[in-house]
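Q: Starting off with a structure, shown below.
The values are calculated or read from the model by the stated rules, or taken from the named source; none is laboratory data. Just so it is clear, the structure is predicted and the values come from calculations on it, not from any experiment. For accessibility, only protein heavy atoms count, side chains too; no ligands or nucleic acids. Shrake-Rupley method; radii C 1.70, N 1.55, O 1.52, S 1.80 Å.
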Amino acid sequence: MNYPNKPGSSLDPNLRDRLLKESKNPYRGLRRAVWIALFGSAALGFFIMVTNIIGGDTVSINDLAIQTSALLILGFLLFKDRNKQDDD
C-alpha cells in the first residue's frame, strides 16, 4: 500500500506544502475576504458620517465612536491576518 504520510509517497511536494500551510491556518482566504468586506463597510460608514459632519448635519457621538471602533478593530484584524514572510 502507498500511504501519503510516508516520506517516499507519490504526493506532489508543492501540494503537500500547500496542504500543510492550510492545516496550520485553516480558512485563511475566506477569513481575509470577510475582513476586507467588513472593513470596507466600516470605512464607507465612517466616510458618510464624516461627510455629514462636514455638511453640517448632526451625528451622534456614540454612532461616530462605534463606527471608528469598527474601523480600527477590523483594520487591526486585517493587519494581524496578513502574510508573514518568515514562515516557521
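Q: Starting from residues that are in a helix (DSSP H, G or I) and small (Gly, Ala, Ser), keep the ones in the stretch 52-87 and report whichever is farthest from residue 21 (Cα to Cα).
A: If we filter the stretch 52-87 for residues that are in a helix (DSSP H, G or I), which is where we start, we get 52-54, 61-80.
Pick out the ones that are also small (Gly, Ala, Ser) and you get 65, 69-70, 75.
Working: 65: 38, 69: 32, 70: 29, 75: 24 Å.
The qualifying residue farthest from residue 21 (Cα to Cα) is 65.
Q: Look through the stretch 21-51, keep the residues that are assigned to a helix (DSSP H, G or I) and over 20 Å from residue 71 (Cα atoms), and return whichever of them is most open to solvent (accessible area, probe 1.4 Å).
A: Of the stretch 21-51, the ones assigned to a helix (DSSP H, G or I) are 21-24, 28-51.
Among the residues that remain, those that are also over 20 Å from residue 71 (Cα atoms) are: 21-24, 28-29.
Numbers: 21: 130, 22: 88, 23: 81, 24: 153, 28: 54, 29: 55 Å².
The qualifying residue most open to solvent (accessible area, probe 1.4 Å) is 24.
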